[in-house]
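Participant: Sending over a structure as structure tokens; questions will come in a sec.
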Amino acid sequence: MKRNKNLSIVSLLLLLLLLSILFIASSSTVSVDARKHHRKKAKPHKHPKDKGGNGGSNFPGPAPAPPPDYGPIPTQSSIFDVLFFGAKGDGVSDDSKALLAAWKAACKIPGATVEIHSEFKFLIKPITLQGPCMPHLVLQIDGTVLAPSKVGSWPKSGLFQWINFKWLHNFTIQGSGTVDGQGSNWWSSSTYAWQKKSKHIPDIKPTALRFYSSYDVNVRDIKIIDSPQCHLKFDSSGGVKISNITISSPADSPNTDGIHLQNTQDVQIQHSNIGCGDDCISIQAGCTNVHVHHINCGPGHGISLGGLGKDKTIACVSNILVENISVQNTLSAVRIKTWQGGRGSVKNVTFRNVQVSDVKVPIMIDQFYCDKSFCKNQTKAVEISGVKYDQIIGTYSVKPIHLACSNGVPCTDIGLTDIQLNPSPLYQGFQKGLCSNSYGKSRAPLVPSSIDYCLGSVGDAVRRISRSHDFVC
């Protein structure tokens, strides 16, 4: 009995020993595994040049370098700031390449915006910003864009235009900024003398902003000043809307038209202020469906159609409506000018509700237009018909009306309604209005009363003469 008891005790001790061995082995395994999965917290990596860390300050050190660029990411921004493309914006450095780089990047993205920041001045040399681009591209001008001020710094290839836009569809220029052509050096007499002596620069001056073969274009809110020549030009374009812009250059700056349209259709120009050294708005050959309204014009030469038919060319202009405008201190208010020898027609034109102040000749048709000291008399002329003047009211400083029409191709279907023009305080002497070879109807009130006798009645002979030219357009 005693022996069995001893065996039980031995067995219990062996079992306890075995359990102890298993426990020790298990603890070793856990310790090894724990060492395998534990990672010591890494110390910050110092840049080789950053020996002092962040100088003992409590501010974090510089951000790590960005990862390599593997192309656009799905959430790419649609804002393309020219500063991020290397522009300096100091008005001295050439920022042309930065603008072009931003343009090319934005051109590929629907709804993108090329941003020209406020409070910066960007010197841009002659440049072409072209499409086709993705739709709804915007050039946001909130700063100042400067043209080269020195005439000699312009390349020969850049003398036709400064910033050239072409082949664009569904494009907008907008913003609170200024496009400054810095054109004063182009206007001085010393510059003209210098140009004549130079064999490398022709006698031509650049347009500030020019659009070619572009459609559905909006230009709004910006200011364009002091262009060497024309400020804003559209050529062979359509679907143009210009609103709430300001164009400004001195009254004696030569050939600085405000807005120039050529071979362009379906245009709206509205709610803008234009003062320059030539036509506030110039509508040339190939234009149709143009609506101009709520414009303040002056100084300048007024709203003009032409000159048309120069060098015996064909000129066709139709469906023009100019209304609700104010014109002051200009050569004319609303005029049509054609060269002798030209062909084509101007028809379906209305000038309505035009307020004039100190305008030399408010109403003008001139089929003998000539910008030289002498032009040869020619029998052919651009036909002018269906032109209505309604509510032209205000003051003149030379004469109220000038209708100088061709003997061979008279002006027909002219309408004069509610014309009230009185001499201004600047008026000197007495000049009657001129009315020659112009036919149509007039309706009171008419001031001065001589306007009532300005238009002859349309006869069969006149109809035959005018209709013989209809086939041209």
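The values are calculated or read from the model by the stated rules, or taken from the named source; none is laboratory data. No experiment lies behind these values; they were computed from the predicted model shown. Keep in mind that these areas ignore ligands, DNA and RNA; they rest on the heavy atoms of the full protein, side chains included. Shrake-Rupley method; radii C 1.70, N 1.55, O 1.52, S 1.80 Å.
Participant: Put R443, R210, R343, R335 in order of accessible area, largest first, 1.4 Å probe: what do you get?
Facilitator: The ordering from most to least exposed comes out as R443, R343, R210, R335.
Participant: Anything over 25 Å Cα to Cα? Flag those among K156/K233; K205/K399; K88/K233, in the order listed.
Facilitator: Where the Cα-Cα span goes over 25 Å, the pairs concerned are K205/K399; K88/K233.
Participant: What is the ratio of the Cα radius of gyration of the stretch 279-472 to 2.2 N^0.38 Å, with N the residue count, to two decimals?
Facilitator: 0.95
Participant: From the phi angles alone, apply the Karplus equation (6.51, -1.76, 1.60; θ = phi - 60°) to the stretch 398-413 and give each ³J(HN,Hα) in whole Hz, x where the residue is Gly or Pro.
Facilitator: Whole-Hz 3J(HN,Hα) from phi for the stretch 398-413: 10, 7, x, 8, 9, 10, 10, 9, 6, 5, x, 10, x, 7, 10, 6.
Participant: Continuing with the same structure: Per residue, how big is the convex hull around the C-alpha atoms of the stretch 77-126? Give it to me in cubic angstrom, could you?
Facilitator: Working: hull volume 3.5 nm³, N = 50.
Once divided by residue count, the hull of the stretch 77-126 is 69 Å³.
Participant: Still on this structure, please answer the following. For G433, what residues show an amide H to amide H distance below 5 Å, using hydrogens built from the backbone and excluding near sequence neighbours?
Facilitator: Hits under the 5 Å cutoff: I401.
Participant: State the Cα centre-to-centre distance between the stretch 253-310 and the stretch 337-395 in whole Å.
Facilitator: 14 Å
Participant: For I384, enumerate residues with amide H under 5 Å from its amide H, sequence gap 5+ or separate chain, H modeled in the peptide plane.
Facilitator: Here the answer is V346, T412, since their amide H atoms fall under 5 Å of that of I384.
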